[in-house]
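The values are calculated or read from the model by the stated rules, or taken from the named source; none is laboratory data. Computed from a predicted model, the values in this text were never measured in an experiment. We place every Cβ from the backbone using ideal geometry, glycine too, and count neighbours over all the protein chains shown.
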Amino acid sequence: MLLWSLLVIFAPLSEEADWLTLEAPSVVFEGDSIDLMCQKKKDWWKIQTVVYYRDGKQLQFPDKVSSVSIPRAAPRDSGQYSCSATARKYFLPRSKSSRSVGIEVLELFPRPVLTVSSYRPTEGSPVTLTCETRPSPQRSNVQLQFCFFRDGKALGSGWSSSPELRVPAMWTEDSGSYWCQAETAALTVRKQSLQSQIHVQRVPVSNVSLEIWAPRGPVIEGGSLVLLCSVAKGTGNITFSWHREATRASVGRKTQRSLSAELEVPAVQEGDAGRYYCRADNGHDPVQSRLLSVRVRSPVSHPVLTLRELGPQAMVGNVVELHCEAQRGSPPILYRFYHENVTLVNISVPSGGGASFNLSLTAEHSGNYSCEADNGLGAQRSEVVPLNVTGTIGCRRDHVTARVLGTLCGGLGFIAAALLCYYGSHKIAGGRSAPHAPRDASSANPQESTHASSLPDIEELQPDYVNVGPIDVVYSQVWSIQPPENSANTRRMILENKDSHIIYSDVKET
């Protein structure tokens with residue numbers, strides 16, 4: 001009886017070949033989920049455990065569930081899947097495996113490939129990176145996004161729907177390892193390209209030049225001076241330095257990514273003048289510019305006017321030297337002299353210093369004098385200097401005249417004696433007689449002669465001219481007088497003969 005019962009129980013097991021089946025999709029795309037269900041026929045057997053296999057290897061899932069899911073399928077998940085279950089009826093166990101089901105996981109899009117417009121670009125040139133891939137034709141509506149990396153750091157703004165990234169300018173520090181990634185918008189599938197090396201080439205600097213740039217024309221003391229150093233070629237960070245030839249020490253230094261740089265001296269001084277040069281260096285051999293002369297011009301200071309009289313007083317006929325000089329100021333300097341704001345003369349001094357000119361005084365030269373200095377950077381006027389000219393043309397009593405008269409008086413006796421001898425000998429030799437009774441010169445009474453000489457009025461014998469030449473020359477008029485016997489006619493004879501016996505003598509001032 002017991003044997004018959006066991007035959008009844010186990011007999012159906014050998015007959016139910018498809019008692020356990022595995023339900024699974026045969027084709028899926030990567031990123032999709034793979035749903036597996038191990039299912040038995042409807043009978044009175046109760047499943048206790050379920051185990052899933054891929055290519056004969058057990059998959060790690062809970063053993064008490066009949067359905068499992070692989071959430072994001074990948075190509076590696078492709079293979080032959082099956083399941084096994086244990087069941088129990090009454091007190092008898094039962095074990096069964098399903099038939100295998102082949103599952104293929106298809107690529108949603110191929111692995112991207114990074115392409116570069118230039119793998120050895122020149123510094124400063126643009127480079128375009130492209131992440132090349134596309135969705136499967138069966139899933140052409142899948143949206144992809146891209147991101148580019150250099151040495152593990154994302155470039156640009158990160159993820160973007162564009163498969164291209166354009167770098168406007170590549171520099172030496174941009175050299176490195178590049179790759180890209182592509183992923184679906186749902187973030188289910190992400191793939192990375194192989195890495196590519198980019199090496200940026202640097203261009204050495206060349207044709208370095210130095211220029212002066214002044215905002216308001218010439219370089220003026222106290223103003224600003226800008227030295228512009230530039231290169232025709234050169235890439236990357238360029239270090240510019242400025243040097244003065246006299247010391248060769250650097251007066252400024254800048255490092256920047258450009259082909260030129262400026263050095264500004266905010267308040268230039270005359271001591272800043274000299275010859276300068278600049279250097280440019282971007283990692284290769286530094287290149288030096290030619291020497292450039294910097295000239296700093298300074299405005300003129302207020303000039304000083306001095307009047308130097310060539311005598312003790314400013315009198316008519318005297319000469320006065322007017323001297324104007326500005327202590328500071330870059331040449332050439334133009335000096336203007338003024339009398340009562342009327343221009344007298346303009347004098348240009350090309351090499352600096354002061355200017356002078358002489359003025360022969362007349363009565364009209366009295367008044368205020370001033371001068372002006374101008375070197376093109378602003379004219380400066382001196383303070384006013386007054387001048388008072390004394391004396392007249394008809395009556396002149398200066399110190400020169402007094403000294404000359406003293407000299408003449410000393411030699412007047414000698415001159416008069418010489419003239420008397422001359423006329424006496426002339427009369428004897430020629431047989432001429434005076435209009436009145438002649439007197440022998442040897443018998444003449446000196447006292448009488450002196451008395452007769454003093455009769456003419458001094459005022460009437462004054463010369464009717466003045467000196468008009470240089471101050472060191474004085475003209476004097478001397479009369480030769482031979483007193484007649486009749487003293488009453490002395491005045492008349494002197495007046496009649498004064499124009500016929502005139503001797504001019506010039507006496508140098510001592």
Out of all the residues in the stretch 127-142, which are at pLDDT below 95 and either among the hydroxyl-bearing types (Ser, Thr, Tyr) or touching a strand residue (DSSP E or B) at 6+ places or on another chain (Cβ under 7 Å) (or both)? PRO135, SER136, ARG139, SER140, VAL142
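Yes/no per residue for (1) at positive phi; (2) more than 42 Å from the chain's Cα centre (by Cα); (3) among the aromatic types (Phe, Trp, Tyr); (4) modelled with pLDDT of 95 or more:
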site: PHE146; (1), (2), (3), (4): no, yes, yes, yes
site: PHE149; (1), (2), (3), (4): no, no, yes, yes
site: GLY152; (1), (2), (3), (4): yes, yes, no, no
site: LEU165; (1), (2), (3), (4): no, no, no, yes
site: ALA169; (1), (2), (3), (4): no, no, no, no
site: THR172; (1), (2), (3), (4): no, no, no, no
site: TYR178; (1), (2), (3), (4): no, no, yes, yes
site: GLN181; (1), (2), (3), (4): no, yes, no, yes
Select from the stretch 43-79 the residues that are polar (S, T, N, Q) and in a strand (DSSP E or B) and write down the one among them that is nearest to the chain's Cα centre (by Cα). SER69
Top-ranked residue in the stretch 81-101 [being touching a Phe, Trp or Tyr at 6+ places or on another chain (Cβ under 8 Å) and either assigned by TED's automatic domain parsing to the domain that holds THR130 or at pLDDT 90 or above (or both); ranked as nearest to LEU187 (Cα to Cα)]: TYR81
Looking only at residues that are among the polar types (S, T, N, Q) and touching a residue at least 40 places away in the same chain (Cβ under 8 Å) in the stretch 119-129, which one is surrounded by the most Cβ atoms within 10 Å (Cβ to Cβ)? SER125
Take LEU307 and tell me if it is within 30 Å of GLY274 (Cβ to Cβ) and outside any loop (DSSP other than H, G, I, E, B). no
Are any residues in the stretch 91-128 in a strand (DSSP E or B), among the hydroxyl-bearing types (Ser, Thr, Tyr) and farther than 13 Å from VAL167 by Cα, and if so, which ones? SER95, SER97, THR115
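Table: residues versus (1) under 15 Å from the mean Cα position of the chain (by Cα); (2) at pLDDT below 90; (3) under 23 Å from SER224 (Cβ atoms).
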{"residue": "ARG257", "(1), (2), (3)": "no, yes, no"}
{"residue": "GLU270", "(1), (2), (3)": "no, yes, yes"}
{"residue": "GLY283", "(1), (2), (3)": "no, yes, no"}
{"residue": "ARG297", "(1), (2), (3)": "no, yes, yes"}
{"residue": "GLU325", "(1), (2), (3)": "no, no, no"}
{"residue": "PHE337", "(1), (2), (3)": "no, no, no"}
Please state which one of SER241, SER258 is loosely packed, with under 14 Cβ neighbours inside 10 Å and either of a type in the set (Val, Ile, Thr) or not assigned by TED's automatic domain parsing to the domain that holds CYS131 (or both). SER258
Residue satisfying all of: in the stretch 295-313; over 23 Å from TYR369 (Cβ atoms) and in contact with a helix residue (DSSP H, G or I) (Cβ under 7 Å, 6 or more places away or on another chain); surrounded by the fewest Cβ atoms within 10 Å (Cβ to Cβ) among these: SER298
Just one of SER250, SER230 is small (Gly, Ala, Ser) and surrounded by 15 or more Cβ atoms within 10 Å (Cβ to Cβ); which is it? SER230
